[in-house]
Structures are given as C-alpha cells and as structure tokens.
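> Handing you this structure, nothing more for now.
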Amino acid sequence: MAGVVAVMWLLEIIDAATGGALDTLGIHARTVDGLWQIFTAPWLHHGWAHLAGNTIPLLVLGWLVLMDSTRTWLVSALIVTVRSGLFAWVASPSGSVTLGASGVVFGWLTFLLVKGIFTRDIGDIVLAVIVLFVYGGVLWGILPTASGVSWQAHLGGAAGGVLAAWLLTLTEREQRSRMIASRP
C-alpha cells in the first residue's frame, strides 16, 4: 500500500511540475475517449489537498483488505475501480473530469463493512464495527452534497465494494465446497 500511495504522490509531483497536464487523464463523462481513463483516474488528484485527503484512508483501508490476501486486494481493487469509474463516467455532468482515489476508498470501506454479513465470521464482523466507528461518517460522501466532489465515483465505488465482498465470499464458499467434496 505504501508503494501505491508513493506512486500517487510521484504522479502529483509530475502533474504539478507540468502545470496539471496529467489531469487530462481523468474520466471525461460520457465520452468514448474518457472511458479507458477509468483506470488512470484513481492514480491522479486535483492538487495536494485532494491527494492528502485520500492518502490515510487509502492506506488504512487498503492495508485491511490486503491483510485478507493479495488476491482479495487485487480483485476488490479491480471491481471497485471499474464500478466507481463507470458510474462516474455515466452519471457525472457532461464536460466534467473526475480524478482521485476516493472511489476506491469508498469501495474498500463498504467491502470491509459488509464482508462479515456474507462470511458470518466474527473477526470480519468485529472489523466492520471498528471500521464503521472510525470511517462511518465518510459514507455521507455518496450523497450529492458538495460541489466539485464526485458523489458519483463514491457511490459507484461503494456499490463495487459490496459486489466485491459478495463475489469473493461466494468464490471462497465454492472453493471450500469443492475441497470438501473431493475428500476421500
């Protein structure tokens, strides 16, 4: 996670040095060219304050997801990035450009909040309660309350987190069932 965040900070240094040239790689709402930028937008931010605001939650929540497994981290990151980006691409105002890792933050937040519901594991449930206590207030960001904040990316990311938790739990259950069935 430290490496991921370090790359984001390096990209912001490059962006600042080039007068914001990397900001063009954000998600351009409802344009064909803007569609592939779903994968570049989470790495880029609208300035230092935006990046600083995403850094700690991204580190903490990403690390908590990574503690499960590298596979869980990668799959959840992909699902969350695509859901967040697609929703921002479809639902953002025409002419807008969406940047930042907050969609991923919201995705990992909801992933951690709902995973225990699917796994019924006491450890996952306790973790969800702690995460809710620390970061629960952030969930208001899925509502269109602040100008210049992509509630669309937040809501899409949150939906992606729920989807990732469900799919990954379903996959784990299927793997356990196969292992049990294959025992002699």
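> Assuming V134 fulfils every condition listed in (1) open to solvent by less than 60 Å² (accessible area, probe 1.4 Å); (2) assigned to a helix (DSSP H, G or I); (3) not acidic (D, E) apart from one, which condition is it?
(1)
> Which condition does L168 not pass, out of (1) within 15 Å of the chain's Cα centre (by Cα); (2) buried (at least 20 other Cβ atoms within 10 Å of the Cβ), if it passes all the others?
Failed condition: (1).
> Return the residues of the stretch 23-52 that are open to solvent by 50 Å² or more (accessible area, probe 1.4 Å) and in contact with a helix residue (DSSP H, G or I) (Cβ under 8 Å, 6 or more places away or on another chain); say none if nothing qualifies.
Within the stretch 23-52, L25, H28, R30, L35, F39, W43, H46, W48 qualify.
> Still on this structure: Among the listed residues V126, V149, V104, which satisfies the condition of being outside any loop (DSSP other than H, G, I, E, B), surrounded by 13 or more Cβ atoms within 10 Å (Cβ to Cβ) and not aromatic (F, W, Y)?
V104
> Specify which of the listed residues (V65, V80) is modelled with pLDDT of 95 or more, farther than 16 Å from H154 by Cβ and open to solvent by less than 10 Å² (accessible area, probe 1.4 Å). So that I can check it myself, show each step before the final result.
Numbers: V80 fails: farther than 16 Å from H154 by Cβ.
Sole residue among the options that is modelled with pLDDT of 95 or more, farther than 16 Å from H154 by Cβ and open to solvent by less than 10 Å² (accessible area, probe 1.4 Å): V65.
Results for (1) over 19 Å from V134 (Cβ atoms); (2) β-branched (V, I, T); (3) outside any helix (DSSP H, G or I); (4) in contact with a strand residue (DSSP E or B) (Cβ under 8 Å, 6 or more places away or on another chain), shown as yes or no for each residue.
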{"site": "T24", "(1), (2), (3), (4)": "yes, yes, no, yes"}
{"site": "R30", "(1), (2), (3), (4)": "yes, no, yes, no"}
{"site": "G34", "(1), (2), (3), (4)": "yes, no, no, yes"}
{"site": "L51", "(1), (2), (3), (4)": "yes, no, no, no"}
{"site": "L58", "(1), (2), (3), (4)": "no, no, no, no"}
{"site": "L64", "(1), (2), (3), (4)": "no, no, no, no"}
{"site": "M67", "(1), (2), (3), (4)": "no, no, no, no"}
{"site": "T81", "(1), (2), (3), (4)": "yes, yes, no, no"}
{"site": "S84", "(1), (2), (3), (4)": "yes, no, no, no"}
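The values are calculated or read from the model by the stated rules, or taken from the named source; none is laboratory data. What you are looking at is a predicted structure, and each value in this text was computed from that prediction instead of being measured. Quick reminder, even Gly has a Cβ in these numbers, built from the backbone with ideal geometry, and neighbours come from all protein chains shown. Keep in mind that these areas ignore ligands, DNA and RNA; they rest on the heavy atoms of the full protein, side chains included. Shrake-Rupley method; radii C 1.70, N 1.55, O 1.52, S 1.80 Å.
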